[in-house]
Amino acid sequence: MAPPPPAPKPADRNTLTGEIPETKDGVDTDDTTNGIRVFDPAFLNTAAISSKITFIDGGKGFLMHRGYPIEQLAERSDFLETAYLLIYGELPSKSQSEIWKFEVMHHTEIADDLAKVIGSMRYDSHPMSANPALQGRNLYIHDKAIMNKNIIRIIGKSATVAAASMRVRMNRPFIAPRSDMGFAENMLYMMDATSDAENYKPDARLAKALEALFILHADHEMNCSTAAMTHVGSSLVDPYSAVSAAAAALYGPLHGGANEAVIRMIEKIGAVENIPAFISAVKAKKELLFGFGHRVYRNTDPRSKIIREVAETVFAACGHEPLIEVATALKDAALADPWFVEKKLYPNVDYWSGLIYRSLGFPLDFFPVLFAVPRVAGWLAHWKQAIEASNPKIWRPRQVYVGPQVRDYVPIECRLEREIRDGKEGILGLPACILLFFPSLLKVWLNWDVLMILGVIALPVEKKTGCQVVNRLESAPKSFISFPFHFFSGWSVCVRVSLRYIIANSISPPINIKYPSTE
Ligand code: CMC
């Protein structure tokens, strides 16, 4: 009889929570089984992305953009051309360059109201942070008092700035904050108070609910916006600037902007009977189920349970929320579907928070602001911790370069007028090319080998140099070199065009460079 299989090795208890990790055949199935989790402070040795843009060989002191050595670009290119190269991957052809430069130079004006905002800044403001007191210097690393003072200022003012932005939208004058109120209560006061401001007091149930929401949103370890805060802060810039970077990261729809996206999604679904079609679209990857899924939580988001209870309080105070039926039915449908269960997709905090904010009467695009105000505390906590570390280092991830090899700068007159097309046009173009090709082949079948050889030689030369060798030779006076091309006259042009098309499409991928938008 075969010996029994060895007993599975007991999984280690989590030292922080005391929990035994979920296991399958004794193997830890948490997300670390999907790869190695490394501790690499400041990303000293971690590549976070593969990139085709810039390559640096630090040892040799070599730098190139999209394959072009920096020395050649500095000497022969100009800034806008280099910008085009960086963004679209190739040096622009003559017509692309003209359009690009025209477009950029015709988007240089700024709106009058923006000019007024800039004009209202102090003459000694730092141009990067607009804050005259901070100058973006290393003020914090050795001075705890300055650090704490600015932490307090940022948290205190965050609610006031948020409320002021709401008042602008309501076209109402700003209301001064009330330091005798609680944090969330004061924010509600600054947003809601009208003419009788002195006697206005926000509904205590709503103030308590907002306070609870603020606690739930205060921090969530190294999420996208906190990573942005810590990353930007690692350059030792002032925390105001780092908070702006974090706020920008927060309001994307995959992060703190998901609360807004959830409501737009539920409004679009509209009714319970439309849910199956929406679920099918999600499974077909045509839609995203906002408010579901999380990079770290694979079972349940503890915040979503608490927030559901807060929602009931708010609905009791503000009245029935009409979207709740669709939201609940959508959640139930997803949780009952094996596709979502297998992918471990559960409602996250944003699934319910949007409904609460909507019930409270906030406009949709204000929802991420209500996430950002409390998250300021978490951002500052991580920033402080990083700055106070014994040897704070700038965060500087590495990359894996997968772009072009070194190549020489091509003067603009020699650049190909690159075909601007997407896949569809390419497919449509093929039959046209075949139609063009066959009559040519019949007519000049005797010369086919010669043409083939010339085409095969010319194309790689063109590809390498970026010069249109064939066209150039054609436009030259008849000479020994240009003779073969002229010899085959009109039909040979057809053949060469066809050859060029077919070979270019089979040996090089489509060049998906689009002209910049003219909007
Ligand atoms: N709807 C549909 N499919 C999803 C969703 C979703 N919400 N979330 C994940 N998936 C799919 C994903 O496409 C992938 O499919 P496949 O295995 O076929 O490639 C699979 O589930 C696993 O997802 P993942 O790659 O592990 O997810 P991630 O860790 O890269 O992304 C997330 C996490 C939160 C960005 C993602 O779940 C998502 O886009 N959710 C919707 C946006 C959202 O609600 N964001 C708020 C997050 S919580 C608040 C916060 O802390 O910011």
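Report the calculated FRET efficiency for Ser244 and Asp180 (r = Cβ-Cβ distance, R0 = 30 Å), to the nearest 0.05.
Approximately 0.50, to the nearest 0.05.
Which order do the peptides 324-330, 186-192 take when ranked by the mean count of other beta-carbon atoms within 10 Å per residue, highest first?
Ranked by mean Cβ neighbours within 10 Å, highest first: 186-192, 324-330.
Carbon and sulfur atoms: what percent of the 1.4 Å accessible area of the range 174-274 do they account for?
Ligands and nucleic acids excluded, carbon and sulfur reach 59 percent.
In debye, nearest 20, what is the charge dipole magnitude of the range 55-106 about its Cα centre with +1 on Lys and Arg Cβ and -1 on Asp and Glu Cβ, if you could check?
Using Cβ point charges on Lys, Arg, Asp and Glu, the range 55-106 gives about 80 debye.
Sorted by average packing, counted as other Cβ atoms within 10 angstrom per residue and highest first, what order do 388-394, 406-412 take?
Packing order, densest peptide first, comes out as 406-412, 388-394.
What residues qualify as long-range amide H neighbours of Tyr68, i.e. H under 5 Å apart, gap of 5 or more or another chain, H built at 1.01 Å from N?
Amide H to amide H, under 5 Å and 5 or more residues apart or across chains, Tyr68 pairs with Arg407.
To the nearest Å, what is the center-to-center distance of the range 194-262 and the range 296-339, using C-alpha atoms only?
When both Cα centres are located, 21 Å separates them.
Report the extension gain between His320 and Cys414 in nm, rounded to one decimal, defined as 0.36 nm multiplied by the number of residues separating them, less their alpha carbon distance.
27.0 nm
Between Thr46 and Ser390, how many nm apart are label points set 7 Å from Cα along the C-beta direction?
2.1
Of Thr230, Thr300, which has the most accessible area and how do the rest follow, probe 1.4 Å?
Descending order: Thr300, Thr230.
How do 109-121, 305-317, 48-60 rank on mean C-beta neighbours within 10 Å, highest first?
So the order, starting with the most tightly packed, is 305-317, 48-60, 109-121.
For the range 366-410 and the range 159-178, what is the separation of their Cα centres, given in Å?
Cα centres, the range 366-410 to the range 159-178: 30 Å.
Suppose each label sits 7 Å from its Cα in the direction of the beta carbon; what would the Met128-Thr313 distance come out to in nanometres?
Going by the 7 Å Cα→Cβ label model, 4.2 nm.
Rounded to the nearest 20 debye, what is the charge dipole size of the range 376-419 about its Cα centre when +1 sits on each Lys and Arg Cβ and -1 on each Asp and Glu Cβ?
So the magnitude is around 320 debye.
Could you list, in their original order, any pairs among Lys285/Lys305; Lys305/Lys331; Lys149/Lys201; Lys201/Lys305 whose Cα atoms are separated by more than 18 Å?
Pairs exceeding the cut-off: Lys285/Lys305; Lys149/Lys201; Lys201/Lys305.
Using amide H atoms built 1.01 Å from N in the peptide plane, name the residues 5+ places from Phe62, or on other chains, whose amide H lies under 5 Å from its own.
Those qualifying (amide H under 5 Å, at least 5 residues apart or on another chain) are Asp57.
So, R0 is 60 Å and r is the distance between the beta-carbons of Gln72 and Asp365; what FRET efficiency does that work out to, to 0.05?
0.85
Taking R0 as 35 Å, what's the FRET efficiency between Lys268 and Leu86 from their Cβ-Cβ distance, rounded to 0.05?
0.45
Could you check the spin-label model distance between Leu114 and Glu98? Points 7 Å from the Cα along Cα→Cβ, value in nm.
Taking the simple label geometry, Leu114 and Glu98 are separated by 2.8 nm.
Determine which residues of the range 292-318 fall in the zone a paramagnetic label at Ala333 would reach in this model, i.e. backbone nitrogen under 18 Å from the point 7 Å along Cα→Cβ.
Label zone hits: 292-293.
Spelling out what I want: for every residue of the range 36-50, take phi, set θ = phi - 60°, compute 6.51 cos²θ - 1.76 cosθ + 1.60 (Karplus), and round to whole Hz; glycine and proline get x.
These are the phi-based 3J(HN,Hα) values: 9, 8, 10, 9, 9, x, 6, 6, 4, 9, 10, 8, 9, 7, 9 Hz.
The values are calculated or read from the model by the stated rules, or taken from the named source; none is laboratory data. This structure is a prediction, so every number in the text was calculated from the model and none was measured. All Cβ positions, even for glycine, are placed from backbone atoms using ideal geometry, and neighbour counts span all protein chains on display. Keep in mind that these areas ignore ligands, DNA and RNA; they rest on the heavy atoms of the full protein, side chains included. Shrake-Rupley method; radii C 1.70, N 1.55, O 1.52, S 1.80 Å.
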